[in-house]
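Peer 1: Let me give you the structure first, and then I'll get to my questions.
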Amino acid sequence: MDLELRLLQVINRLRLAEQMANRPAGSVQLLAVSKTHSATSIRKLAAFGQYRFGENYLQEAQTKIALLNDLALEWHFIGHLQANKTRQIAALFQWVHSVDRVKLAERLSAQRPNTLPPLNICLEVNVSGELTKSGVAPGKLLELANAVAILPNLTLRGLMTIPAPNDVNAFRKLAQLFDELQTKGLNLDTLSMGMSDDLELAVTHGATMVRIGTAIFGSRATQL
Ligand SMILES: *Cc1c(COP(=O)(O)O)cnc(C)c1O
């Protein structure tokens, strides 16, 4: 099946999920997760109107972003954040979804070039409580959010999670934390949750951005 057809299928799934959840059409944004897929495929999707792309690995993203710099694409870093990569990430991306420590946020803010608008940030939350996973613990989220919200070159937009495979309540829990932060006065608009297999469930629980790889690009078995 070709890329355009897969993209249209995913958009149909999204529109249907919005309808089922009584949410306005187009209220959920589609982030196409392009890790391991070529700049050529991304260019094709851009021609079909998809312009938001998510990448996990800095080096791979650098190559593709350079090859595609004639297009007005929006790049989201969704991979594991390492302190020694923040400078390049702060310069290349418009969004980072995986901030889970204040130290990383401080680096991104300090290193964001002042010729660029503030970097959009989602805090990654470990809602499933997996010991090996990255993400801030729910009990430490408010403190982190308050610290990130005041950093000058960042805009705190919302929350992100990658649930454990068996955690059926993960999206509900993230949505609840999102509401709690809003109640405490933080002005958030982005709930980044839902992947190829569970986008409908995520939309039901209030996702505003779903991160879809396999359902658009096919399997990641083949590398660049
Ligand atoms: C790879 C990845 C996705 C996309 O997953 P699919 O199941 O291929 O849709 C979404 N979010 C993150 C953080 C990822 O690493």
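The values are calculated or read from the model by the stated rules, or taken from the named source; none is laboratory data. As the structure is a prediction and not an experimental result, all values here were calculated from the model. Note that we place each Cβ from the backbone using ideal geometry, even for glycine, and neighbour counts take in every protein chain shown. We work out accessible area using only protein heavy atoms, side chains counted, and drop any ligands, DNA or RNA first. Shrake-Rupley method; radii C 1.70, N 1.55, O 1.52, S 1.80 Å.
Peer 1: Suppose we filter 77, 48, 53 for residues that are aromatic (Phe, Trp, Tyr), more than 22 Å from residue 203 (Cβ to Cβ) and at pLDDT 95 or above; which single one remains?
Peer 2: That would be 77, the only listed residue that is aromatic (Phe, Trp, Tyr), more than 22 Å from residue 203 (Cβ to Cβ) and at pLDDT 95 or above.
Peer 1: Looking only at region 12-23, how many residues end up being away from the ligand (no atom under 14 Å from the Cβ) and either touching a Ser or Thr at 6+ places or on another chain (Cβ under 8 Å) or open to solvent by less than 90 Å² (accessible area, probe 1.4 Å) (or both)?
Peer 2: 6
Peer 1: Based on what the data block shows, is residue 72 assigned to a loop (DSSP other than H, G, I, E, B), free of Cβ contacts under 8 Å to residues at least 40 places away in the same chain and surrounded by fewer than 20 Cβ atoms within 10 Å (Cβ to Cβ)?
Peer 2: It is true that residue 72 is assigned to a loop (DSSP other than H, G, I, E, B), free of Cβ contacts under 8 Å to residues at least 40 places away in the same chain and surrounded by fewer than 20 Cβ atoms within 10 Å (Cβ to Cβ).
Peer 1: State all residues of region 96-131 that are in contact (Cβ under 8 Å) with a residue 60 or more places away in the chain and of a type in the set (A, V, I, L, M, F, W, C); if no residue qualifies, say none.
Peer 2: 122
Peer 1: Here's something else I'd like to know. Which residue out of 59, 50, 9 is under 15 Å from residue 75 (Cα atoms) and surrounded by fewer than 17 Cβ atoms within 10 Å (Cβ to Cβ)?
Peer 2: 59 is the lone residue from the list that is under 15 Å from residue 75 (Cα atoms) and surrounded by fewer than 17 Cβ atoms within 10 Å (Cβ to Cβ).
Peer 1: If a residue has to be touching a strand residue (DSSP E or B) at 6+ places or on another chain (Cβ under 8 Å) and basic (Lys, Arg) to count, how many in region 183-224 make the cut?
Peer 2: Selection size over region 183-224: 1.
Peer 1: I need the full set of residues from region 41-60 which are in contact (Cβ under 8 Å) with a residue 12 or more places away in the chain, outside any loop (DSSP other than H, G, I, E, B) and away from the ligand (no atom under 16 Å from the Cβ), in order please.
Peer 2: 43, 44, 46
Peer 1: While we're looking at this one, here's another question. Hey, can you tell me all the residues within region 164-190 that are within 15 Å of residue 100 (Cα to Cα) and within 16 Å of the ligand (Cβ to nearest atom)?
Peer 2: Listed by number, the list holds a single entry, 174.
Peer 1: Something else about it: Listed residues 37, 80; which is within 13 Å of the ligand (Cβ to nearest atom), open to solvent by 40 Å² or more (accessible area, probe 1.4 Å) and of a type outside the set (D, E, K, R)?
Peer 2: The match here is 80.
Peer 1: Also, I was wondering about something else. Does residue 127 qualify as being outside any loop (DSSP other than H, G, I, E, B) and open to solvent by less than 50 Å² (accessible area, probe 1.4 Å)?
Peer 2: So residue 127 does not fit the description; no.
Peer 1: Quick check, is residue 59 within 14 Å of residue 6 (Cα to Cα) and modelled with pLDDT of 95 or more?
Peer 2: no
Peer 1: Please enumerate the residues belonging to region 201-224 that are open to solvent by 70 Å² or more (accessible area, probe 1.4 Å) and either more than 10 Å from the ligand (Cβ to nearest atom) or part of a helix (DSSP H, G or I) (or both).
Peer 2: If the condition is that a residue be open to solvent by 70 Å² or more (accessible area, probe 1.4 Å) and either more than 10 Å from the ligand (Cβ to nearest atom) or part of a helix (DSSP H, G or I) (or both), then 201, 204, 221, 222, 223, 224 are the ones that fit.
Peer 1: Conditions first: (1) open to solvent by 10 Å² or more (accessible area, probe 1.4 Å); (2) assigned to a helix (DSSP H, G or I). Residue 148 passes all but one, so which condition is the exception?
Peer 2: The one condition residue 148 does not meet is (1).
Peer 1: Cβ-Cβ under 7 Å, sequence separation 6+ or interchain: first residue in region 182-199 and open to solvent by less than 10 Å² (accessible area, probe 1.4 Å), partner hydrophobic (A, V, I, L, M, F, W, C) and assigned to a loop (DSSP other than H, G, I, E, B). Which pairs?
Peer 2: 191/207; 193/207; 194/207
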